[in-house]
1. Using modelled amide H (1.01 Å from N, peptide plane; none on Pro or chain starts), what sits under 5 Å from the amide H of residue 13, excluding residues fewer than 5 places away?
2. What is the calculated FRET efficiency for residue 412 to residue 307, with r their C-beta to C-beta distance and R₀ = 35 Å, to the nearest 0.05?
3. In the P(r) worked out for region 247-410, what percent of Cα pairs fall beyond 18 Å?
4. Would you mind ranking 249, 240 by Cβ crowding within 10 Å, fewest neighbours first?
5. Please identify which residues in region 159-173 have an amide N closer than 20 Å to a label point set 7 Å out from the Cα of residue 142, following the Cα→Cβ vector.
6. Please give the FRET efficiency for residue 287 paired with residue 335, using the beta carbon to beta carbon distance and R0 = 30 Å, rounded to the nearest 0.05.
7. Per 0.36 nm of contour for each residue apart, how much would the distance between residue 210 and residue 250 grow if the chain were fully extended, relative to their Cα-Cα spacing?
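The numbers here are math on the coordinates, done by the rules we state, and not lab data. Just so you know, these numbers come straight off a predicted model, no measurement behind them. Please note: Cβ atoms are built from the backbone with ideal geometry, for glycine as well, and neighbour counts cover all protein chains shown.
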Amino acid sequence: MTAARSEGRRLLVINYHYPPSGAAGGLRWAGLSKYLVRLGWEAHYVTGAVGAGGPTGVKDGVQIHVCPRRRGMNDLYNALARRLRRPRGTANGGPPHPGVNGNGASLLGRLRIELATALIFPDPATRGWVLRAAASARSLVRRLQPDVVVSSGPPHSAHLVAWLATIGSSARWFIDLRDPWAGPIATAWYSDPMYRSQLFRVLTPRLERLAFRAAHGVIANTPELAAALAAKYPAVAVACMRNGVDPECLPPPATRPYPGLGIAYVGTLYGSRDLGPVMQALRAFLERRPDAVQAGSKLRIAGHAEALNARTRDEEIASLGLEQHVDVLGLLPREQALDVVSRSRLAVVLAEDWKVQVPAKLYELVAMGVPTLLVAGERGAAAAEAQRLGATVLDPSDIGGIVTLLERLWRNEIPQSSPRGAAITHGEMAVVLDQLLTGEFSSNRWPIDPAVGG
């Protein structure tokens, strides 16, 4: 596809995350705006990520405007809770907000959940940021007169910022959803206190409707989510722009691969994400292949884990006797995490209950050429996308299938992964996005999708 140039166009992106904050949520528009600049756009980016520098700077031709959040009531509560827990020897743990331990079964439990949600609503990460960012973005809109404003979430507070910033403006505003906002919610989150809150269930759909009706269009990152939103809001223009990867930010092929069969999981463990099936398969594989044991085969886990998921992970490691064959590396800088992947012979992605979502990490792993396993049910957006990209998809219950995959990798019977010709780079996607942002954005053009040629 020939890249037409959009000289003189101005874009303002509003997204709480931006590299190198460590959050994957900043990668999508950091990459897309970078390549839109190369197509002639003037791009500005409002972020709350203090690691992006500040208060202003330029990266890859994009003007970065940093608006750090202020401490909110939830921050004060957490600080007080840590101080109160410290004498009991639990200063390193504890709930991120007061309702996380409330099971909602009793009146007190329900009240705790509602109080906790009130302290963190609409997003835990952005309390103390929304109004400051809205004032900053509104000032930029008045000064720059952008042609297009894009708000990307989660955190979905970015859409509220964009709504406040564009009131009375002639700029076209598009909402980019990297995950659902009010729904459909993955079943993995049904037990989360915030999603069980009446405050969340009542206010979030109303905020979504308010934003969708005010915006010029909505961009979803999977066809499944786009279809669900189009059915839910038939009067709203909805398009699909899949996730992708910036190849310029990926490491070269590793020159020092890990010994034995190196397996990598790099990502957050939360909700229903469980490495148990992979560890059970690893235990069975090592019992069959003592030569793989002697060679130093290991599963390496990098990334943050929620308290319950970390406890489950550690208990599974101990129960399977894998202490010598699993390294828990914790949260690593992005460069180090990608190095762990590049030196491994298999990368694992978890998406057990995701029906309309696709983990963004999948695109990076496939683009790096590392054989990739998606642990997920056969139905759903993640499984369909993984198959399209050439990754292996196995159900969490298929332990035997995972063992067979490890056996084949050990015998060098599985080649490096490849995206099978799919357009997954931000440079390719920016060409289609340029047409999306400058052309007719209407429901009868859905889905606009690089995977199918636009």
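1. 44, 45, 46, 150
2. 0.35
3. 57
4. Ascending number of Cβ neighbours within 10 Å: 249, 240.
5. Within reach of a label on residue 142: 160-173.
6. Calculated transfer efficiency: 0.30.
7. Here the answer is 10.6 nm.
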